[in-house]
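Trainee: Attaching a single structure in structure tokens format; questions to follow.
The values are calculated or read from the model by the stated rules, or taken from the named source; none is laboratory data. Small disclaimer: the values here were computed from a predicted structure and weren't measured. Here the Cβ is made from the backbone with ideal geometry for all residues, glycine too, and neighbour counts use every protein chain on show. In case anyone asks, the SASA skips ligands and DNA or RNA and just uses the protein heavy atoms, side chains included. Shrake-Rupley method; radii C 1.70, N 1.55, O 1.52, S 1.80 Å.
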Amino acid sequence: MEPKVIESPILWDNKRYHSLDYALKRRFGEKVAKLSLDGGFTCPTRDGTKGTRGCIFCSSRGSGDFTKAGNITLQMAEQAALLAQKWKTKRYIAYFQSHTNTYGPIEKLKALFDEALAFPGTVGLAVATRCDCLGTEVLDLLEGYNKKTFLWVELGLQTSSDETGRLIGRGFETQQFDEVVGKLDTRGIRTVAHLIAGLPGEDGQGFLRSVRHVAALPVWGMKLQMLHVLTDSDLYEAYLKAPYRLFDREEYVELICDALELIPPDKVIHRLTGDGSKDKVYAPLWTLDKRRVLTEIQQELTRRRSYQGKFHQG
Ligand code: SF4
């Protein structure tokens, strides 16, 4: 089938992609901030169930380097106070970010999610987890929350290639991911899929294959980022022993624009570049200047007279 090409640029609040910020403003009528939380979970790739070291690229904090462990209400209060210096908003999404946030007894999940939703101004819940930690009981619980609040579930896929998936110690196959996305969709639960560009052994085409794969699934949103070599990850040791060429900033910007052109315009873009902690990112260092990367993506889309979904085959 020929790609569908719309010549006039589509804009979302002057951006050429459908950002989460835009989607939340549309839904709630004002800015909504995410409060990143650590619910004290671990992962099956860390506790010995499927491995002990975690996914090869992941930090010791389980992708939650900006979260702090401890009481949920206190975590939220602390972050809300910090954000108040930046934005006027008093509306929040409680974002359970660190490790696998459905990997525990149902009672624990319920207590944590209820506590978070009770925090003043909380209008929604985001739960980062894995496709192999969403059994029927957990899905039932999430379906209940989906009926009473604005919920999304974030699932790391990282790559649609099972070969790369094994190399990075992901611990599940792409087919399992696809099936779980289908189950969440059947229950009306929003899903956000996470992909990483620059994984070992993958070039830009490999990343775009993953983007096409996810774009064809019934996901609500996508999170894209450049691989970080973090000093407290197994990838760091591997990279020191056998360094390989990582994308430079210009290449990454081009690649993300290519990816956005393939993603249907209704899918919400949660991230286009990562939030690596300055103390931990070993390479590529250009990722630390997040604002510059985002500006250049917008500039490149403008230069191309392009936008999210331009070459989406619908
Ligand atoms: S990437 Fe996700 S599943 Fe893998 S170790 Fe990190 S937090 Fe756990």
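Trainee: Can you tell me which residue within region 149-174, out of those that are free of Cβ contacts under 8 Å to residues at least 12 places away in the same chain and part of a helix (DSSP H, G or I), is nearest to the ligand (Cβ to nearest atom)?
Mentor: This residue is 165.
Trainee: Does region 136-147 include one or more residues that are free of Cβ contacts under 8 Å to residues at least 40 places away in the same chain, in a helix (DSSP H, G or I) and either under 20 Å from residue 174 (Cβ atoms) or among the hydroxyl-bearing types (Ser, Thr, Tyr) (or both)?
Mentor: First, pick out the residues of region 136-147 that are free of Cβ contacts under 8 Å to residues at least 40 places away in the same chain: 136-138, 140-141, 144-145, 147.
Remaining after also requiring in a helix (DSSP H, G or I): 136-138, 140-141, 144-145, 147.
Narrowing further to those that are either under 20 Å from residue 174 (Cβ atoms) or among the hydroxyl-bearing types (Ser, Thr, Tyr) (or both): 136, 145.
Yes, the conditions are met somewhere in region 136-147.
Trainee: Out of region 130-145, which residues are touching a strand residue (DSSP E or B) at 6+ places or on another chain (Cβ under 8 Å) and away from the ligand (no atom under 16 Å from the Cβ)?
Mentor: Listed by number, the residues that qualify are 142, 145.
Trainee: While we're looking at this one, here's another question. Got a number for residues in region 19-43 being over 22 Å from residue 74 (Cα atoms) and within 16 Å of the ligand (Cβ to nearest atom)?
Mentor: Residues flagged as over 22 Å from residue 74 (Cα atoms) and within 16 Å of the ligand (Cβ to nearest atom) within region 19-43 amount to 1.
Trainee: Another question about this same structure. Give me a count of the residues in region 239-255 that are crowded, with 17+ Cβ neighbours inside 10 Å and either among the basic types (Lys, Arg) or in contact with a Cys (Cβ under 6 Å, 6 or more places away or on another chain) (or both).
Mentor: 1
Trainee: Can you report the number of residues in region 83-105 which are more than 16 Å from the ligand (Cβ to nearest atom), open to solvent by 20 Å² or more (accessible area, probe 1.4 Å) and under 25 Å from residue 58 (Cβ atoms)?
Mentor: 1
Trainee: Could you list all residues from region 175-195 that are in contact with a strand residue (DSSP E or B) (Cβ under 6 Å, 6 or more places away or on another chain) and either acidic (Asp, Glu) or part of a helix (DSSP H, G or I) (or both)?
Mentor: Within region 175-195, 177, 181, 184 meet the criteria.
Trainee: Would region 70-77 turn up any residue that is at negative phi and within 16 Å of the ligand (Cβ to nearest atom)?
Mentor: No: zero hits.
Trainee: Can you tell me which condition residue 198 does not meet? The list is (1) away from the ligand (no atom under 16 Å from the Cβ); (2) on the phi > 0 side of the Ramachandran plot; (3) crowded, with 20+ Cβ neighbours inside 10 Å, and all the others hold.
Mentor: (1) is the only condition that residue 198 fails.
Trainee: Continuing with the same structure: Report whether or not residue 134 is over 20 Å from residue 36 (Cα atoms), buried (at least 19 other Cβ atoms within 10 Å of the Cβ) and over 16 Å from the mean Cα position of the chain (by Cα).
Mentor: Judged against the criteria, residue 134 is a match.
Trainee: Still on this structure, I have one more. Could you say which residue among 61, 46, 16, 53 is away from the ligand (no atom under 16 Å from the Cβ) and open to solvent by 20 Å² or more (accessible area, probe 1.4 Å)? Quick ask: steps written out before the conclusion?
Mentor: Working: 61 fails: away from the ligand (no atom under 16 Å from the Cβ); 46 fails: away from the ligand (no atom under 16 Å from the Cβ); 53 fails: away from the ligand (no atom under 16 Å from the Cβ).
Checking each option against the conditions leaves just 16.
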